[in-house]
Every structure is written in structure tokens, then in C-alpha cells.
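Just so you know, all these numbers are worked out from the coordinates, no wet-lab data involved. Remember, predicted model here, so these are calculated numbers, not experimental data. We place every Cβ from the backbone using ideal geometry, glycine too, and count neighbours over all the protein chains shown.
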């Protein structure tokens, strides 16, 4: 499923494609991409794109006359720009631009989502209101990270992927961030030390920065078939860790595969640093 960097790349591409052009015609097919919404309302999304914002994995479009659109790529959704004569497989909705190009929303498995609505209602929609802090839009300090996930009883990586806690972080970049921080993905969040929270916040920013950098053309090159795997740990089960040489392992968490290095990311640190503010009496207990 697309994660924060891929959705942000899609947003930047769309802003570039719409710039200087008006939507002359918008059309959509009656598919379950519009489940829970009126697909015919998509046709009203004409004129100039006023703004396009991203929150987590959602895109929030605002067009002229206060017309809005909430979009989610789902598992296989993507936006592509083509000439009018070029067909696009699995195209579910289309923006015909004044410059002669057509922007398609293509989705083979129909797991994406589109919801036309008044622009003023976009931020009040339930899926948007339910999102947690967005690391790229709002920033993420170690303290803010601990506040977001520190009270979870789930495994740390599962908690990091909880969109109600952190918006946008997904399987790939959560695993990469934990590897960079040298923290085991199965740790209980409450067991992390101040130093580990600092390393993890830094690791999240670094993992997302890598995802944003690794793009070529209209999508990240690491998502293309046969692309070189430039990740530090993701997809490297059985390979030697580049940092310590220990074979990378994988485990199932929340229905997803997690890759980690048991050498760099021990499940039970031998001497964890105690949290600041712990009293002597608490330490004796």
C-alpha cells in the first residue's frame, strides 16, 4: 500500500500537472472507488485547482467554487498524466485539462477511494479527523513521538503504523526507521528509553526523506518492477546486515512482514537507559 512518501510524491506531481491549466471536464465511472459517495458529483470538479494538501495517506483537493475531493490511493491506485489519445488501463476517473492532457486515477483492484464534497467539509470528514500527527506536515520531535505512541500496548512497529497515532507511516518506512534507531520492532513502546525515542524520531525523518528522494519521473523508482532495493533492511531477509553482518530476519506483525536485524535490534537490551525523572525509590522497586 502506498505510504507517506509515495502519496506526497503524487501530490507534488498533481500540483505540477494542474498548474496553469483549468479542468474543462471531469468524468468518472460508477465503481466502488466512490463507495459511500455520489460518483456523479465528480463531474462538478471543474475550473482551477486552488489547493492540494496531504494529510497522512489522504489527498485533499480544493477547486474553484468551493468544490472539494478527498482521495486515497488504496493498494493499487495512482494518478497518471497522458495525452487524450492514450488509453490508461483501469482508469476510474479523469480530469481533462485545458492544455490537452488528461489526468487519470487508475486503480486495478478498486481499493482506492474518492469522495467529492464541499471544500469546506474536507477537514471535517471522519477519515481525516481520525488521523494522528503527520511527521512531514506537522513535524515530529522525540517528545511528540513518545506522546503519540508511548502508551500503546501493541508491538512498537504496529503502533507506529496506527494511522490514528501517526499519519502516513507504513510498513516499509516503519521498519527502516526502527533499523536506523537500533530498536527491535516487537518492543513495547513504554519500554523505550529517552535515547531510543530520540533515535527513533531521527530514524523516522531519515526514512521518509529517503522515500521522497528515491523518485524518478512520476513515481518512486523503488516501487517499479525490477528496481534496485536501496533500503537498509526492508526486503533483505537472509542477507547480511550491512552494519554488523548478522543475517536479517523477518517476522509477522499485524498481518505484515517486518524485516529487522537481531544483532543491531535486540529484543531485550541488556542495560537499557532509565528514563529521566525516575525516582530512587522507583528504581529500588
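How much length is gained if the chain between residue 12 and residue 123 is pulled fully straight, taking 0.36 nm per residue apart and subtracting their Cα-Cα distance, in nm to one decimal?
Result for the pair: 38.0 nm of gain on full extension.
What is the chain's relative contact order, in percent, from Cα pairs under 8 angstrom and six or more apart in sequence?
For the chain, the relative contact order is 16 percent.
Using only the alpha-carbon atoms of the chain, report the extent along each of the three principal axes, biggest first, to the nearest angstrom.
Over the chain, Cα extents along the principal axes are 70, 41, 30 Å.
Using just the helices of the chain, give the 222 nm mean residue ellipticity in deg cm²/dmol: DSSP H runs with n ≥ 4 each add -39,500 (n - 2.57), and the total is spread over all residues, rounded to 500.
-7000 deg cm²/dmol
Pop a pseudo-label 7 angstrom from the Cα along the beta-carbon direction at both residue 209 and residue 83 and give the gap in nm to one decimal.
A separation of 4.1 nm, rounded to one decimal place.
What nm value, rounded to one decimal, do you get for the distance between residue 44 and residue 202 when each label is placed 7 Å out toward the C-beta?
Simple spin-label model gives 5.0 nm for this pair.
By count of other Cβ within 10 Å, fewest leading, how are 157, 19 ordered?
The most exposed by this proxy come first: 19, 157.
Please give the contour-minus-distance gain from residue 19 to residue 76: 0.36 nm per residue of separation, less the Cα-Cα distance, rounded to one decimal in nm.
18.0 nm is the gain from fully extending residue 19 to residue 76.
Could you give the length gained on full extension between residue 37 and residue 144, defined as 0.36 nm per residue of separation minus the Cα-Cα distance, in nm?
35.1 nm
Of the listed peptides 234-242, 2-10, what is their order by residue-averaged count of other C-beta atoms within 10 Å, with the highest listed first?
2-10, 234-242
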